[in-house]
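No lab work stands behind these numbers, since they all come straight from the coordinates. This one's a predicted model, so the numbers in the text were calculated from it and none came from an experiment. In this analysis, Cβ positions are derived from the backbone assuming ideal geometry, glycine residues included, and neighbour counts consider all displayed protein chains.
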Amino acid sequence: MIDKLFVLDIINNELAGTDKFLVDLKISSDNRINVAIDGDNGIVIDDCVELSRKIENSLDREVEDFELNVASAGLDSPLKLKRQYKKNVGRDITVTTFDGETVTGTLLSADDEEISVRPEGKKKSASEPVIIKHSDINIAKIVIKF
C-alpha cells in the first residue's frame, strides 16, 4: 500500500508558499488516491493538473500501481478547515451543530475559535448574529444560489 505520509509530504511541499492548501487526502487499500485541495483565491484546473503530475512523478507504478484523483474541494463539499470558513466570509452557509441545531444565513466572520452567522430572513441591522464554536460544528456547507 502506498504510504500516506509520503504522499502528504509531496503535497505539502508542492503547495508550500502558495495560497493553496490540502483539504483531504484518502488512500484506499487498493491504492486509490483521492486528493481535495482549495485555495484562498479558489482553484483552477491547472492547479489540480500540476499537483497530480507532481504526485504521479514521485510514485513508481512499477513498484505499486495506483489510481490518482486530484480535485478542488468543490462548493457542495462540507467545510473541513478553519481556513475554508475564513475564505467564505460574506457567503451564505448552513451549519448543523452536534446537538442538532441548524442555522442558515450569512457567514459574517470566522476565526480560529468560532464563526458568526447572521440568520437568514432577518434585517441586516436588526438581527443578532449566532456565534458557533468550531468544536460544536458537525457539518457546514456553503449555500449555492442560482
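For the peptides 40-46, 104-110, 131-137, 67-73, the ranking by packing is 104-110, 67-73, 131-137, 40-46, with the highest mean count of neighbouring Cβ atoms within 10 Å listed first.
Taking Cβ atoms as reference points and 13 Å as the exclusive limit, the residues near Leu25 contribute a net charge of -1, counting Lys and Arg as +1 and Asp and Glu as -1. Only Lys, Arg, Asp and Glu carry charge here, each on its Cβ (+1 for the first two, -1 for the last two); on that basis region 21-68 has a dipole of about 60 debye about its Cα centre.
When the Cα gyration tensor is reduced to axis lengths a ≥ b ≥ c, the ratio a/c is 1.5 or higher for region 82-142, and with a/b not above b/c it is classed as oblate. Sorting Asp38, Asp112, Asp19 by the number of Cβ atoms found within 10 Å of their own Cβ, with the fewest placed first, yields Asp112, Asp19, Asp38.
Against the main long axis of the alpha-carbon atoms of the chain, helix 45-58 sits at an angle near 40°. Considering only Ser58, Thr94, Pro78, and ranking their Cα positions along the charge dipole of region 39-136 that arises from unit charges at the beta-carbon of Lys, Arg, Asp and Glu, the one farthest toward the positive end is Thr94. The mean sequence distance of close C-alpha pairs (under 8 Å, at least 6 residues apart), as a share of the length of the chain, puts its relative contact order at 18 percent. Of the Cα atoms belonging to region 11-146, the radius of gyration and Dmax stand at 17.8, 64 Å.
Taking the DSSP bridge list for the chain and keeping only pairs wholly inside it, about 80 percent are antiparallel.
Helical runs (DSSP H, four residues minimum) scored at -39500 (n - 2.57) apiece and divided by the length of the chain put the mean residue ellipticity at 222 nm at -6500 deg cm²/dmol.
Relative contact order for region 4-72: what percent, with Cα pairs under 8 Å and sequence separation of 6 or more? Normalised by residue count, the contact order of region 4-72 is 34 percent. Exposure proxy ranking for Glu50, Glu64, based on other Cβ atoms within 10 angstrom of each Cβ and starting from the fewest, stands as Glu64, Glu50.
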